[in-house]
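Everything on this sheet refers to the single structure shown next.
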Amino acid sequence: MTGLCAPTPPASIEVFYYYAHEDEELVKQLRKHLSILKRQGVIREWYDREITAGTDWKGQLDQHLNSSGVILLLVSADFLASDYCYDVEMRRALERHDQGEARVIPVLLRMVDGWEDAPFGKLQSLPTDGKPVTSWKIRDEAFADVARGIRNAIGQLGAQQTKPPSLPASRPAVLPASSPQRTPAMDRLTLVRTLTDLTPVDFAALIAMIPGAARQLSRVSVPEQGGELIRWAESSKGPGLGAVEEALGNFR
């Protein structure tokens, strides 16, 4: 369970495939759809088939789990049935996601009931609208949709990596965990409308930039999630609306 021809630049992002071996054929298809990103040197990938005989497989798994910038959870009934789904590795992946160190993306391979109740259930999933890959009439269209979402997420991560080490005080490169005193420049209604106009993939990228935000949102539509984000930000435990506006500024 886990998981070129141009030179890989230092800024390339490692993609970790976290899957049940029963779904290996589907994973192979997904890797083909991401192959252009490998050829361009945008990503490098790792999954458990790269573990060679006689090596410490768990040590290698932990090493890449801690170094990967994108962790793909390939969801199916077999994935949920595996003990690994709720093991230390899963908790570590979500911890890195919440800390902004990596992007965890659930990819729904096959229809399975109740995945939303898993530890990763609140994260924005692919393909679009939560329709599993095997439910699409044309499977290549499903994988293309997934690849597009992953490309967008990687683009956001790459933009964060290339930001200068210091920015003006009004736009810090790293958002503080809590800053309830900041006052947003735009009014609340405009802020809500701006959030509502985001695509599900862009909204997921945005909340990943606000520490702790992902755990406050339910798996609903973007407008509803936007309302939840605003209410949490305004609460005594939230970072303030200024943090949301600032994330939008850095995001764009």
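The values are calculated or read from the model by the stated rules, or taken from the named source; none is laboratory data. Given the structure is predicted, the values throughout are model-derived calculations rather than measurements. Glycine gets a Cβ as well: all are built from the backbone with ideal geometry, and neighbour counts include every protein chain shown. Protein only, heavy atoms only, side chains kept; ligands, DNA and RNA dropped before computing areas. Shrake-Rupley method; radii C 1.70, N 1.55, O 1.52, S 1.80 Å.
Would it be correct to say that V104 is within 23 Å of R215 (Cα to Cα), modelled with pLDDT under 95 and open to solvent by less than 10 Å² (accessible area, probe 1.4 Å)? Reasoning before the result, please.
On the way: within 23 Å of R215 (Cα to Cα): yes; modelled with pLDDT under 95: yes; open to solvent by less than 10 Å² (accessible area, probe 1.4 Å): yes.
Yes.
When residues of segment 23-43 are filtered for being in contact with a Ser or Thr (Cβ under 7 Å, 6 or more places away or on another chain) and within 26 Å of A77 (Cα to Cα), how many remain?
The total comes to 1.
Search segment 61-98 for residues being closer than 12 Å to F16 by Cα and among the hydroxyl-bearing types (S, T, Y), and hand back the single one that is modelled with the highest pLDDT.
Among residues in segment 61-98 that are closer than 12 Å to F16 by Cα and among the hydroxyl-bearing types (S, T, Y), the one modelled with the highest pLDDT is S68.
Looking at segment 128-157 only, could you name the residues that are outside any helix (DSSP H, G or I) and open to solvent by less than 40 Å² (accessible area, probe 1.4 Å)?
P132
For every residue, the table says whether it meets (1) of a type in the set (G, A, S); (2) modelled with pLDDT of 70 or more.
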{"residue": "A159", "(1), (2)": "yes, no"}
{"residue": "P168", "(1), (2)": "no, no"}
{"residue": "S178", "(1), (2)": "yes, no"}
{"residue": "L191", "(1), (2)": "no, yes"}
{"residue": "A204", "(1), (2)": "yes, yes"}
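Evaluate the following for K58: is it part of a helix (DSSP H, G or I), open to solvent by 10 Å² or more (accessible area, probe 1.4 Å) and modelled with pLDDT of 85 or more?
When the stated conditions are applied, K58 does not pass them.
Taking segment 229-239 on its own, how many of its residues are over 11 Å from R188 (Cα atoms) and open to solvent by less than 40 Å² (accessible area, probe 1.4 Å)?
Of the residues in that region, 5 qualify.
From R110, R92, R96, grab the single residue that is assigned to a loop (DSSP other than H, G, I, E, B) and charged (D, E, K, R).
Working: R92 fails: assigned to a loop (DSSP other than H, G, I, E, B); R96 fails: assigned to a loop (DSSP other than H, G, I, E, B).
The match here is R110.
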